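Notes follow the structure.
The values are calculated or read from the model by the stated rules, or taken from the named source; none is laboratory data. Fair warning: this is a prediction, and the values are worked out from it, not measured in the lab. Cβ atoms come from the backbone with ideal geometry, glycine included; neighbour counts cover every protein chain shown. Quick note on the areas: whole protein, heavy atoms, side chains included, nothing else; ligands and nucleic acids left out. Shrake-Rupley method; radii C 1.70, N 1.55, O 1.52, S 1.80 Å.
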Amino acid sequence: MPKYNSAEWDEVRKKFSRSIMADTSLVSLAQNVDTKEWPHTGEEEKPSKYIDFTYDELLMMPEIAGKTDRVDHLIEILKETLAFDDPFGDMVAQVEDTASRENPILKTLARLNIPEGFPLILANFSEGTRMVCTSEGIKTIGEFADLGQKMSTRVVLGGDFRNALNALTHGDEDGIAQFLPYRKGFTGLHLAESIGLVVGALPRSEQLALARFYGAKLAPDDAATAKPLGREQCEKLESSLRPAVNTALDWFKDEKAALVQSVVNGGTFERYFVVLNDPVREVIASRLTANALKGTYTIKGQEPAEKKAGFFGRLFGKR
């Protein structure tokens with residue numbers, strides 16, 4: 001029975017294609033690793049002669065046909081040479097893999113089913129933290145976790161950067177929900193909370209002003225704080241939030257589809273966003289999402305969504 005299989009041959013030939021030993025005599029390599037001699041002595045007998053062929057093709061070559069033990073011999077020479085050529089390669093890979101698996105932040109992400117690829121554009125971070133991430137080429141929460149572990153050993157972290165790392169390190173669900181669309185008591189990330197965080201990035205005074213413009217009934221203290229907002233100012237705020245809302249809808253494709261189906265079946269955007277537990281953000285998130293989804297669905301027996309005011313028309317009046 002062959003000692004090595006096709007998968008092992010593919011692995012070794014791929015690695016050897018980058019080795020400086022690829023054009024060294026197989027006879028010399030066999031001697032260097034103290035194994036039995038390679039039976040062919042021609043000038044062309046080098047690893048580069050064989051590594052471009054698949055395992056099955058290798059078995060049909062004249063030098064090897066009918067002698068599967070010679071395939072094992074070749075693979076053994078190449079494997080031993082690679083170990084000699086880079087004796088610490090496997091050790092370094094193992095150390096890096098272990099360090100990654102021991103990262104407490106990555107463990108929290110896995111336990112709470114938070115995808116490492118979640119885009120930081122949808123995280124509720126300050127401009128300062130975003131600048132640090134941008135300068136380091138960090139675009140996802142997984143990369144943020146890795147960066148945080150490295151930076152915490154060499155710099156003093158502050159602000160929401162530190163708070164986010166602490167929350168993720170210790171699995172603080174309340175803390176995590178401050179900057180990721182996480183719903184306490186559940187796992188994974190959610191569309192409603194994601195758009196809620198987009199709205200939450202606005203200063204509270206602007207949130208109140210926008211909600212008031214949409215016709216929301218505010219508490220007395222909030223009503224006193226909310227400044228009148230003109231149509232042009234409203235459109236400017238909506239425009240600033242639109243890219244992030246669209247990004248959230250694109251990321252949460254399944255939840256977006258479920259939301260649309262719910263509305264088609266008679267549900268409302270307002271009810272969908274009640275999980276935000278903040279009437280001001282609920283109103284804004286509902287309006288922004290309804291606007292973003294215009295024209296994507298039709299309620300049976302009614303006009304297409306872009307031609308009707310929906311519950312906003314009933315609540316706030318048509319614009």
#### Entry: The one condition in (1) within 15 Å of Ala192 (Cβ to Cβ); (2) touching a Ser or Thr at 6+ places or on another chain (Cβ under 8 Å) that Lys227 fails to fulfil
(1)
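Could you say whether any residue in segment 113-125 is modelled with pLDDT of 85 or more, among the small types (Gly, Ala, Ser) and surrounded by fewer than 19 Cβ atoms within 10 Å (Cβ to Cβ)?
Scanning segment 113-125 turns up at least one residue that is modelled with pLDDT of 85 or more, among the small types (Gly, Ala, Ser) and surrounded by fewer than 19 Cβ atoms within 10 Å (Cβ to Cβ).
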### Summary
Across (1) at pLDDT 90 or above; (2) within 30 Å of Gly142 (Cα to Cα); (3) crowded, with 16+ Cβ neighbours inside 10 Å, Ala164 clears everything bar (1)
### Task
Please find, within segment 239-286, the residue that is farthest from Tyr214 (Cα to Cα) out of those that are surrounded by 14 or more Cβ atoms within 10 Å (Cβ to Cβ) and of a type in the set (Lys, Arg).
Lys256
### Message
What pairs come out if I take residues in segment 214-236 that are closer than 19 Å to Asn291 by Cα and pair them with residues that are loosely packed, with under 11 Cβ neighbours inside 10 Å whose C-beta lies under 8 Å away, six or more apart or interchain?
### Response
Gly215/Gly317
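May I ask you to list the residues in segment 184-203 that are among the small types (Gly, Ala, Ser) and in a helix (DSSP H, G or I)? Full working, then the answer.
Filtering segment 184-203 for residues among the small types (Gly, Ala, Ser) gives 185, 188, 192, 194, 196, 200-201.
Ala192, Ser194, Gly196, Gly200 - these are the residues of segment 184-203 that are among the small types (Gly, Ala, Ser) and in a helix (DSSP H, G or I).
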### Query
Just to be sure, is Glu193 touching a Phe, Trp or Tyr at 6+ places or on another chain (Cβ under 8 Å) and not β-branched (Val, Ile, Thr)?
yes
#### Entry: Condition met for Thr298 (touching a strand residue (DSSP E or B) at 6+ places or on another chain (Cβ under 6 Å), at pLDDT below 95 and open to solvent by 40 Å² or more (accessible area, probe 1.4 Å))
yes
